[in-house]
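The values are calculated or read from the model by the stated rules, or taken from the named source; none is laboratory data. All figures in this text were calculated on a predicted structure; none of them were measured in a lab. Note that each Cβ is placed from the backbone with ideal geometry, even for glycine, and that neighbours are counted across all protein chains shown.
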Amino acid sequence: MRRSMLAGLAIAVTAGLTTAATAAGTPVAASATGAPGGHPMTASAKVPVTALAAPHVARTPAQRTPAQGTGLGAPRPDGDLRTDLDAILSDARLTGARAGVVVRDARTGKDLYARGADAQMMPASNQKLQTAAAAFGVLGPGYTFRTSVLAGGPRRAGTLTGDLVLKGTGDPTLRAADYDGLAAAVAAKGITRVTGRLVADDTWFDDRRLAPGWDPADEPYSYASQVSALTVSADSDFNVGSVRVDVSPGTQGGPVDVALAPATGHVTIDDRATTGAPGSASTLSITRLPGTNVIRLTGSHPAGGATVRTLRTVDNPSLYAADVFRRALTAHGVSVAGPTARAAAPRTATTITTRTSMPLSSLAVPFLKLSNNNIAEILVKAMGRKSGGEGSWRAGLPVVAKYVKTLGVEASRLNLADGSGLSRSNRATPALAGQLLRGARSKTWFPAFYNALPIAGQADPWVGGTLATRMSGTPAAGNVRAKTGTLTGATALSGYVKNPAGRRLIFSIMLNDYAGAAPKDLEDRIAIRLATGKLVGPAATPRTTGRPLHVRPGAELECSWTGTC
């Protein structure tokens, strides 16, 4: 379903971008697009800003009185926007919190509501709006990644004398089947024997794998995978640099059965989990030991229980990719005598075969709708490589800041520690998000950007994305297109909505330091108010099924990372 949806979205991008732009209320020129190419630092790299701290939002006693659910249960006639949004933001959960909200007319840029607009907030995954806009502007909608297989020596009578090189440029869409296709192409050239090594060339990017400010406790989980120019996606959502761990019950009292997908010898399983009695609770724990490629299982899983599938990151994803490729070569009758090594391809190497990814206009769909962190960081490094010849955060983040400035964003007010928003050192303001969203509308790439945003209340994950279960059954469903953001203590929602008069509005909501769970229902109430012109009562919080194996205990994260949307 997701693959066919991606194809449909790609067609919309290639053939119907002007229609999307018209729906967004934006005149645009012809857009550069492309068709899918087969889918399925030594110092912290930050852009300097002014002070990171932001004052608490002032609230009058009148604004504090109504708590959520008290007297706001029924819609009332259209009211003053300021009064209505102030009422929503008077929720008791925001007492002592920092709240920033901006609502603007998309055509004129006029502020219709502003509260805490210039407060520097932790944007969480709203950071991806900046990365996406800069990637479209700097790399272009038709940008693709190339993965090549090179011969490091002469070929004669089926023998390659020298090394076989696998060279990557950061493609986040490569899956095991794609490496199998590359291996098949090598065999089709008549090569059956390689006398040298299998070389993994990941030098297109630097070797700094994790962005500044990422929590080390997140490292085993797929939303915090290592960034490399050569890697493997474990699934069709392009969870890069991770391997799928499948756990099935064995014989009662014995160990559980464990399998990896794709199959790889780069990862070692330390299976200490047992098979419990039928009907007993599953207490499985699956973690990758720090600094290793050992995945340890502990706890118990009941006999007769369903197979549990989860993702875990790998250490050194370049060698993981090379291992998957070597296995594919063997399956196609190509033997490599030497070991696997990370190194740069020799200048004299010749190309045997190449795979090209889908264009950025299509890749933006899983990137933004599913809030994919690794794609964000790959794009930052790709921008650094293109603009300054260095595939690093140090080179790429200033490129992002420089480009968003052309959209009217006051870049000096930003703090960019990464491209995804996973770092808690990032800072932005609702006003800046509003500036970016308005400035983007004048660009030829805007339809692809708009198309890639999550759409409220649309159940298909590749359409609704992180908004798939939110605002369903309301006038905001199918109307609101916005980027979510979720970290413990930080939530955000910024995007576009059409009001009852058909006027396109831009909004940005950023909430930090609130008590308890993320008050996403307040974001939804604001978006629904903008869509309907009416203040409605507390929105029902979408019911989700927790999947604790996907996320470290106690963390609040995007629903796409935890498997709950």
Selected residue (criterion: farthest from the chain's Cα centre (by Cα)) from residues of segment 262-283 that are buried (at least 19 other Cβ atoms within 10 Å of the Cβ) and among the hydrophobic types (A, V, I, L, M, F, W, C): ALA273
All positions within segment 326-364 that are surrounded by fewer than 21 Cβ atoms within 10 Å (Cβ to Cβ), of a type in the set (A, V, I, L, M), in a helix (DSSP H, G or I) and out of contact with any Asp or Glu (no Cβ under 9 Å at 6 or more places or on another chain): none
Breaking point among (1) within 21 Å of ARG503 (Cβ to Cβ); (2) of a type in the set (Gly, Ala, Ser); (3) surrounded by fewer than 21 Cβ atoms within 10 Å (Cβ to Cβ), for SER425: (1)
Every residue from segment 300-311 that is buried (at least 17 other Cβ atoms within 10 Å of the Cβ) and either assigned to a loop (DSSP other than H, G, I, E, B) or more than 26 Å from the chain's Cα centre (by Cα) (or both): SER300, HIS301, PRO302, ALA303, GLY305
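Every residue, every condition in (1) among the basic types (Lys, Arg); (2) in the same structural domain as GLY408 (by TED's automatic domain parsing); (3) closer than 17 Å to PHE136 by Cβ, yes or no:
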{"position": "ARG438", "(1), (2), (3)": "yes, yes, yes"}
{"position": "LYS443", "(1), (2), (3)": "yes, yes, yes"}
{"position": "TYR450", "(1), (2), (3)": "no, yes, yes"}
{"position": "ALA459", "(1), (2), (3)": "no, yes, no"}
{"position": "GLY473", "(1), (2), (3)": "no, yes, no"}
{"position": "GLY485", "(1), (2), (3)": "no, yes, no"}
{"position": "THR488", "(1), (2), (3)": "no, yes, no"}
Conditions (1) in contact with a strand residue (DSSP E or B) (Cβ under 7 Å, 6 or more places away or on another chain); (2) more than 30 Å from PRO212 (Cβ to Cβ): number failed by PRO475: (1)
Hits in segment 400-426 (condition: of a type in the set (Lys, Arg) and either outside the structural domain of ASP118 (by TED's automatic domain parsing) or within 18 Å of the chain's Cα centre (by Cα) (or both)): ARG424
In segment 470-519, residue farthest from SER420 (Cα to Cα) [restricted to those that are in contact with a Lys or Arg (Cβ under 8 Å, 6 or more places away or on another chain) and in a loop (DSSP other than H, G, I, E, B)]: ARG503
Lone unmet requirement of (1) under 17 Å from the mean Cα position of the chain (by Cα); (2) of a type outside the set (Phe, Trp, Tyr); (3) within 30 Å of PRO553 (Cβ to Cβ) for ALA217: (1)
Residues that are within 11 Å of LEU437 (Cβ to Cβ) and touching a Gly at 6+ places or on another chain (Cβ under 7 Å), drawn from segment 477-504: ARG481, ALA482, LYS483, ARG504
Enumerated strands (runs of 3 or more DSSP E) restricted to segment 91-181, each holding at least 3 residues that are surrounded by 19 or more Cβ atoms within 10 Å (Cβ to Cβ) and of a type outside the set (Phe, Trp, Tyr): 98-105, 146-151, 164-167
Segment 448-469: number of residues that are among the aliphatic types (A, V, I, L, M) and in a loop (DSSP other than H, G, I, E, B): 5
Considering residues of segment 122-181 that are of a type in the set (Lys, Arg) and in contact with an Asp or Glu (Cβ under 9 Å, 6 or more places away or on another chain) only, the residue nearest to ARG193 (Cα to Cα): LYS167
Selected residue [in contact with a helix residue (DSSP H, G or I) (Cβ under 8 Å, 6 or more places away or on another chain), among the hydroxyl-bearing types (Ser, Thr, Tyr) and under 30 Å from VAL294 (Cβ atoms)] from THR307, THR340: THR340
Matching residues in segment 289-317 - criterion: being in contact with a Phe, Trp or Tyr (Cβ under 9 Å, 6 or more places away or on another chain) and of a type outside the set (Val, Ile, Thr): ASN293, LEU311, ARG312
Count of segment 520-553 residues which are over 25 Å from the mean Cα position of the chain (by Cα), at pLDDT 75 or above and either surrounded by fewer than 20 Cβ atoms within 10 Å (Cβ to Cβ) or in a loop (DSSP other than H, G, I, E, B) (or both): 6
Looking only at segment 199-225, and only at residues there that are in contact with a Leu (Cβ under 6 Å, 6 or more places away or on another chain) and buried (at least 22 other Cβ atoms within 10 Å of the Cβ), the one that is nearest to VAL336 (Cα to Cα): ALA200
